[in-house]
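Structure, as structure tokens:
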Amino acid sequence: MAAIGLEHYLTVAALLFCLGVYGLLTKRNLVAILMSIELMLNAVNLNMVAFSRFITPDAFVGQLFAVFTITVAAAEVAVGLALIFSIYRDRATTSTEELDWMKW
Amino acid sequence: MDLSLLTTEIVTVALACFVVALDLLMPAGEPRRALGYLTLLGLAGIFVHAFTQYGLNASLYGGMFRVDDYAVFFKQVFLAAYMLTILFSVRTADGFAPYTGEFYGLMLFSLAGMMVMASANDLVTLFVGMELMTITFFVLVGFNLGDGKSSEAGVKYLILGAASTAVLLYGMSLIYGYTGTVVLPEIAARLSASPAALVGIVFFLAGFAFKIAAVPFGMWVPDVYEGAPVPITALLAMASKAASFAVLTRVFLTAFADAPYNWPLIIAWLAAASMIAGNLAAILQTNVKRLLAYSSIAQAGYLLTGLVAAGPDGVKGIIFYTALYVFASAGAFAVVAAVRDETGSDDIAAYRGLARSSPLLAAAMTVALLSMAGIPPLAGFVGKLYLFLAVLEKGWFWLALLGFVMSMVSVYYYLLVVKAMYLGEPAGAPTADGCAALRWAALASLALTVLCGVYPTPLAALASRVAQNFFQ
């Protein structure tokens, strides 16, 4: 059996990214959408770390990038949940189907 | 390592912290307008200091952060946009009490993010600066607590913004994986034809097309512009767009310039789609904020033509047009803020008879809108001339023609607003005259727009010097 190489990591990351996009497009709940976006960001992290290990094993650029992505994603989720709180207070809903006060 | 190169960024962040702290220390009943004026003063100081950074062309952190003329010019454009916006937002900010200090503080943090973007010379720095700007804007768009529209706009911007960031990052990861580096000039040296590089570039472009609000990625613009507080709408339209164009131009002209793909063609299609969809959709609008939103999509299209030209002339066009788009938008949004504060409405109907109650504001709005339409002798005409000539010289005849035709179409819906202001009968509602600071912002915008149209030489000369940055 062949050893696990770069392509395996990239395939998993690509699948994870597609899963995130699928959730983003089909989910109706804001929290679930936020979770789908997290999946997409984690796919990026997996990509970064795998490239760092296989393409530039001497430099830690990819790992560094992944650390930045994780930090920024955490900030994004914190702000995101706060905004979902705020809209729940104003409108008592977290469903995207009811976010229709502004159209065209 | 010379940290003095970072003065503009460090002082901006320090000013933000200072404003927030001062807000906490001031007695509860005191008016908070002083915070706005203090912020304005600080930004004016940074603006003047930035002049000393021209001609430095220095790098920091092993080439990750560049202070070249191009970055300095864009920083000054952001500073001008923020100064004008703060002038006309003092009254809107009064309504955010007790969070006025946070409002100014967050605005300054987003400005710091833009400054980092303008100087970023590698993908990590670029990403961090961009997220500092974007995440701060998520908060600011939903800043009108208790207003369902504002929080809806905030959530929509959050979801679409975060998703576009993820797409952009995926593109960056592929570019990094293929070239093994994140520094822009090194990417340029190592990029060659491969599916990974192609997908990376396309994802990167898609992520930034979202930020500059180009069709088809700009569908968030009307809703977010309508729901956000007026000063934030103004900043999204002027400064956020300018920052994203600064990055997009730098990345495409340094990292992807020699990529073995015909990327100008893709950008030309984006530009054409933005010009057509933005201008046609704007005709149907009855809300001035939505009208300006669709117009800003069209403006992104005009600016993209400069990137299609991909030469010194095109970059000069982008730089010049960005600056005067800031001048014109500031005036338009100042009037929107005045009318909004008085009548609570953004409908064109609320602008009826504005010329009688406030001739200055009506004149500022008219000049701003006609400049965006590109009517001579206003500044927008000169800007469009530079952009379309640059693209013509590269043989894109159809794109220049389309830009010209679409500019003519845009005159129609801009004049609808002008007609309401000058020929409409006031509905008897209280007259919108704005506070003194707001009138100063409108006056400054009017003066700059007319001046740059009649006598564009100084700004144009500066723009052509700055545009040489990528072509030495």
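For residue A:47, all conditions in the list (1) within 7 Å of chain B (Cβ to nearest Cβ); (2) not in a helix (DSSP H, G or I) hold save one; what is the number of the exception?
Going through (1) within 7 Å of chain B (Cβ to nearest Cβ); (2) not in a helix (DSSP H, G or I) one by one, residue A:47 breaks only (2).
Within region B:333-350, is even one residue touching a strand residue (DSSP E or B) at 6+ places or on another chain (Cβ under 9 Å) and outside any loop (DSSP other than H, G, I, E, B)?
Among the residues of region B:333-350, at least one is touching a strand residue (DSSP E or B) at 6+ places or on another chain (Cβ under 9 Å) and outside any loop (DSSP other than H, G, I, E, B), which makes the answer yes.
With the checklist (1) modelled with pLDDT under 95; (2) surrounded by 24 or more Cβ atoms within 10 Å (Cβ to Cβ) in hand, flag the one item residue B:94 doesn't pass.
Of the numbered conditions (1) modelled with pLDDT under 95; (2) surrounded by 24 or more Cβ atoms within 10 Å (Cβ to Cβ), the odd one out for residue B:94 is (2).
Being under 20 Å from the mean Cα position of the chain (by Cα) and within 8 Å of another protein chain (Cβ to nearest Cβ) narrows it down to one of B:139, B:155, B:124, so name that one.
Values: B:155 fails: under 20 Å from the mean Cα position of the chain (by Cα); B:124 fails: under 20 Å from the mean Cα position of the chain (by Cα).
From the options B:139, B:155, B:124, the qualifying one is B:139.
Provide a single number: the residues in region A:71-104 that are touching a helix residue (DSSP H, G or I) at 6+ places or on another chain (Cβ under 8 Å), β-branched (Val, Ile, Thr) and more than 7 Å from chain B (Cβ to nearest Cβ).
Adding up the residues that qualify gives 4.
Within region B:409-428, count every residue that is part of a helix (DSSP H, G or I) and surrounded by 13 or more Cβ atoms within 10 Å (Cβ to Cβ).
First, the residues of region B:409-428 that are part of a helix (DSSP H, G or I): B:409-423.
Going one step further and asking which of them are surrounded by 13 or more Cβ atoms within 10 Å (Cβ to Cβ), we end up with B:409-411, B:413-422.
The number of residues fulfilling the criteria is 13.
Take the residues of region B:268-280 that are of a type in the set (A, V, I, L, M) and more than 16 Å from residue B:392 (Cβ to Cβ): which is surrounded by the most Cβ atoms within 10 Å (Cβ to Cβ)?
Quick first cut of region B:268-280, residues of a type in the set (A, V, I, L, M) only: B:268, B:270-273, B:275-277, B:280.
Next, only the ones that are more than 16 Å from residue B:392 (Cβ to Cβ) stay: B:270, B:273, B:276-277, B:280.
Numbers: B:270: 24, B:273: 18, B:276: 17, B:277: 20, B:280: 15.
Ranking the candidates gives B:270 first.
Step by step: first the residues of region B:439-459, then only those that are of a type in the set (A, V, I, L, M, F, W, C) and within 19 Å of the chain's Cα centre (by Cα), then the one that is surrounded by the most Cβ atoms within 10 Å (Cβ to Cβ). Which residue is that?
Step by step, filter region B:439-459, then rank; the result is B:442.
Which residue pairs have Cβ atoms under 8 Å apart, sit 6 or more places apart or on different chains, and have a first residue in region A:21-40 that is facing chain B (nearest Cβ under 9 Å) and assigned to a helix (DSSP H, G or I) and a second that is surrounded by fewer than 16 Cβ atoms within 10 Å (Cβ to Cβ) and of a type in the set (Ser, Thr, Tyr)?
A:30/A:95; A:36/A:22
Read through the list (1) more than 24 Å from residue B:243 (Cβ to Cβ); (2) without any contact (Cβ under 8 Å) to a residue 40 or more places away in the chain, then give the number of the only condition that residue B:353 fails.
Only one criterion in (1) more than 24 Å from residue B:243 (Cβ to Cβ); (2) without any contact (Cβ under 8 Å) to a residue 40 or more places away in the chain is unmet by residue B:353, namely (2).
Tell me yes or no: at least one residue of region B:355-365 is assigned to a helix (DSSP H, G or I), within 19 Å of residue B:286 (Cα to Cα) and at pLDDT 90 or above.
Yes - at least one qualifying residue is present in region B:355-365.
Could you list all residues from region B:198-216 that are under 17 Å from the mean Cα position of the chain (by Cα) and within 14 Å of chain A (Cβ to nearest Cβ)?
B:207, B:210
Residue pairs, Cβ under 9 Å, 6 or more apart or interchain, first in region B:420-435 and among the basic types (Lys, Arg), second assigned to a loop (DSSP other than H, G, I, E, B) and modelled with pLDDT of 75 or more. List them.
none
May I ask you to list the residues in region B:217-230 that are part of a helix (DSSP H, G or I) and more than 12 Å from chain A (Cβ to nearest Cβ)? Write out each step before concluding.
Going residue by residue through region B:217-230, those that are part of a helix (DSSP H, G or I) are B:221-227, B:230.
B:230, the sole residue that qualifies.
Would you mind stating whether residue A:4 is aliphatic (A, V, I, L, M), more than 20 Å from the chain's Cα centre (by Cα), more than 22 Å from residue B:172 (Cβ to Cβ) and more than 9 Å from chain B (Cβ to nearest Cβ)?
Against the criterion (aliphatic (A, V, I, L, M), more than 20 Å from the chain's Cα centre (by Cα), more than 22 Å from residue B:172 (Cβ to Cβ) and more than 9 Å from chain B (Cβ to nearest Cβ)), residue A:4 qualifies.
For region B:231-260: of the residues being in a helix (DSSP H, G or I) and among the aromatic types (Phe, Trp, Tyr), which is farthest from residue B:146 (Cα to Cα)? Working first, answer last.
Looking only at region B:231-260, we keep the residues that are in a helix (DSSP H, G or I), and these are B:231-255.
Still in the running and among the aromatic types (Phe, Trp, Tyr): B:245, B:252.
Numbers: B:245: 34, B:252: 42 Å.
So the residue we want is B:252.
Within the bounds of region B:64-80, is there any residue that is surrounded by fewer than 23 Cβ atoms within 10 Å (Cβ to Cβ) and over 19 Å from residue B:319 (Cβ atoms)?
Within region B:64-80, one or more residues are surrounded by fewer than 23 Cβ atoms within 10 Å (Cβ to Cβ) and over 19 Å from residue B:319 (Cβ atoms).
Only one of (1) surrounded by fewer than 24 Cβ atoms within 10 Å (Cβ to Cβ); (2) touching a residue at least 60 places away in the same chain (Cβ under 8 Å); (3) part of a helix (DSSP H, G or I); (4) not β-branched (Val, Ile, Thr) fails for residue B:163. Which number is that?
(2)
Is there a residue being free of Cβ contacts under 8 Å to residues at least 60 places away in the same chain and assigned to a loop (DSSP other than H, G, I, E, B) anywhere in region B:29-44?
Within region B:29-44, one or more residues are free of Cβ contacts under 8 Å to residues at least 60 places away in the same chain and assigned to a loop (DSSP other than H, G, I, E, B).
The values are calculated or read from the model by the stated rules, or taken from the named source; none is laboratory data. This is a predicted model, so every value here is computed, not measured. We place every Cβ from the backbone using ideal geometry, glycine too, and count neighbours over all the protein chains shown.
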